[in-house]
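Report on the structure given below.
The values are calculated or read from the model by the stated rules, or taken from the named source; none is laboratory data. As the structure is a computational prediction, the values presented were derived from the model and not from experiment. Because the Cβ atoms are built from the backbone with ideal geometry, glycine has one as well, and the counts that use them run over all protein chains shown. Keep in mind that these areas ignore ligands, DNA and RNA; they rest on the heavy atoms of the full protein, side chains included. Shrake-Rupley method; radii C 1.70, N 1.55, O 1.52, S 1.80 Å.
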Amino acid sequence: MPPTPARLRVAAVGTGGIASGAHLAALSAHPDRTELVAAVDVDAARLAAFQDAAAAADMAGVEGFADLGAMLDAVRPDLVLVATPPALHREQTVQALKAGAWVLCEKPLCLSLEEYDEVAAAEEAAPGYASVVFQHRYGSGAVHARDLLTGGALGAPLVAHCQTTWYRDADYYSVPWRGRWATEGGGPTMGHGIHQYDLLLHLLGDWTEIHAMAARLVHDVESEDVSTALVRFANGAVATVVNSVLSPDEVSRLRIDCADATVELTHLYGHTNDAWTYTPRPGLDDDARVTTWRTPAADLPSSHAAQLGAVLDAYERGERPPGSGADARRTLEFAAALYKSAFTGRPVRAGEITDGDAFHRSMHGDRSAPALGGPQTAKEPQ
């Protein structure tokens with residue numbers, strides 16, 4: 001592998017809110033390691049606004065392009081940040097990999113396991129890797145909790161609850177690509193709750209079996225607006241997972257009950273150490289031990305900046321970055337299994353969805369949207 005440049009040359013693909021907010025802030029947090037050199041967007045006004053925002057953040061001179069291929073040919077970036085609508089992720093990621101760049105792509109990396117396997121094949125033939133934005137893994141509270149759980153400090157994990165209960169109105173779904181299988185891949189299971197259950201899998205490890213339901217209760221969309229699942233893990237733990245965009249009291253919550261303690265995370269879109277609580281089991285009188293649970297070494301918020309730092313570290317070492325390869329595929333397989341269970345009414349086991357399975361090709365398994373049921377409306381009072 002050639003020597004790592006002092007500052008990686010970075011290009012942004014898609015210059016909307018996520019790019020101008022989260023990704024610019026992430027680059028600003030690593031000024032000695034990154035240089036934003038180019039941006040791509042088909043909307044000239046949006047691209048110009050992004051260039052202005054970059055200049056205001058001391059990243060002037062960002063070259064603008066309307067076409068990804070033209071940018072890759074002209075600039076040859078080291079790292080490409082993909083923040084376009086989901087249906088474009090697979091094609092743009094493969095294109096960037098073939099051009100020799102590493103990729104950090106917004107979730108979901110692609111819309112099906114079939115597409116993910118196409119990305120994996122492109123990785124095999126390229127020098128770089130494609131990583132998915134799962135920023136909740138990278139806050140110090142999550143790093144500390146994972147160390148405690150995997151090291152056995154809290155005792156065996158037994159019962160878990162994973163909750164993403166948010167609220168989205170009809171205006172949210174007026175964006176043409178939202179709520180459609182072909183352009184978003186699904187509803188809150190793919191577009192909202194995926195961050196939280198990715199963190200659940202990151203903390204508890206491999207899942208083995210899912211029993212799920214999904215429904216379209218309110219919104220006039222193709223996909224679901226709520227899903228629920230019962231999950232069994234390889235370590236024996238069992239969990240509930242709820243993904244909703246119907247919930248006025250919005251919260252993201254993760255709770256894991258272990259033999260010696262309960263660890264709980266409560267937040268909305270991001271967490272700091274203060275969002276994590278540890279409750280020892282009754283009768284556990286070991287103040288020193290409990291203190292170590294409650295005192296991570298640092299307080300780094302979960303963020304794109306934290307994940308970008310991990311990707312930059314991996315680039316410098318020439319190693320596969322976290323949130324890529326089989327690690328990220330496990331999370332997408334979880335989503336596919338949840339949908340398959342919801343559509344078929346039966347449990348789905350890890351590894352069951354393989355090439356040739358309809359749910360390998362698409363999250364809805366090529367089934368008609370009405371299988372989830374249409375929007376429900378409250379009856380008028382008698």
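Sort out which residues of the stretch 84-102 are within 14 Å of Gly323 (Cβ to Cβ) and either of a type in the set (Gly, Ala, Ser) or in contact with a Gly (Cβ under 7 Å, 6 or more places away or on another chain) (or both), and write them in order of number. Listed by number, the list holds a single entry, Trp102. The condition (being surrounded by fewer than 16 Cβ atoms within 10 Å (Cβ to Cβ), more than 24 Å from Asp327 (Cβ to Cβ) and in contact with a strand residue (DSSP E or B) (Cβ under 9 Å, 6 or more places away or on another chain)) is satisfied by just one residue among Asp58, Asp67: Asp67. Does Thr93 qualify as being free of Cβ contacts under 8 Å to residues at least 40 places away in the same chain, of a type in the set (Ser, Thr, Tyr), touching a helix residue (DSSP H, G or I) at 6+ places or on another chain (Cβ under 7 Å) and not in a strand (DSSP E or B)? Taking the combined requirement at face value, the residue satisfies it.
Return a yes/no flag: does the stretch 287-294 have any residue that is open to solvent by less than 30 Å² (accessible area, probe 1.4 Å), more than 24 Å from Ala215 (Cα to Cα) and free of Cβ contacts under 8 Å to residues at least 40 places away in the same chain. Checked against the condition, which is being open to solvent by less than 30 Å² (accessible area, probe 1.4 Å), more than 24 Å from Ala215 (Cα to Cα) and free of Cβ contacts under 8 Å to residues at least 40 places away in the same chain, the stretch 287-294 yields at least one hit. As a summary of the residue check, Val80 satisfies the conditions (1) out of contact with any His (no Cβ under 6 Å at 6 or more places or on another chain); (2) surrounded by fewer than 24 Cβ atoms within 10 Å (Cβ to Cβ) except for the one numbered (2). Of all residues in the stretch 48-73, those satisfying the criterion of being without any contact (Cβ under 8 Å) to a residue 24 or more places away in the chain and among the aliphatic types (A, V, I, L, M) are Ala48, Ala55, Ala56, Ala60, Ala70. State all residues of the stretch 119-158 that are among the acidic types (Asp, Glu), open to solvent by 30 Å² or more (accessible area, probe 1.4 Å) and within 30 Å of Arg9 (Cβ to Cβ); if no residue qualifies, say none. Within the stretch 119-158, Glu124 is the sole residue that qualifies. For the stretch 178-210, a residue qualifies if it is open to solvent by 30 Å² or more (accessible area, probe 1.4 Å) and in contact with an Asp or Glu (Cβ under 6 Å, 6 or more places away or on another chain), and the qualifying residues are Arg178, Arg180. Any chance the stretch 301-310 includes a residue that's open to solvent by 50 Å² or more (accessible area, probe 1.4 Å) and in contact (Cβ under 8 Å) with a residue 60 or more places away in the chain? Yes, the stretch 301-310 contains at least one residue that is open to solvent by 50 Å² or more (accessible area, probe 1.4 Å) and in contact (Cβ under 8 Å) with a residue 60 or more places away in the chain.
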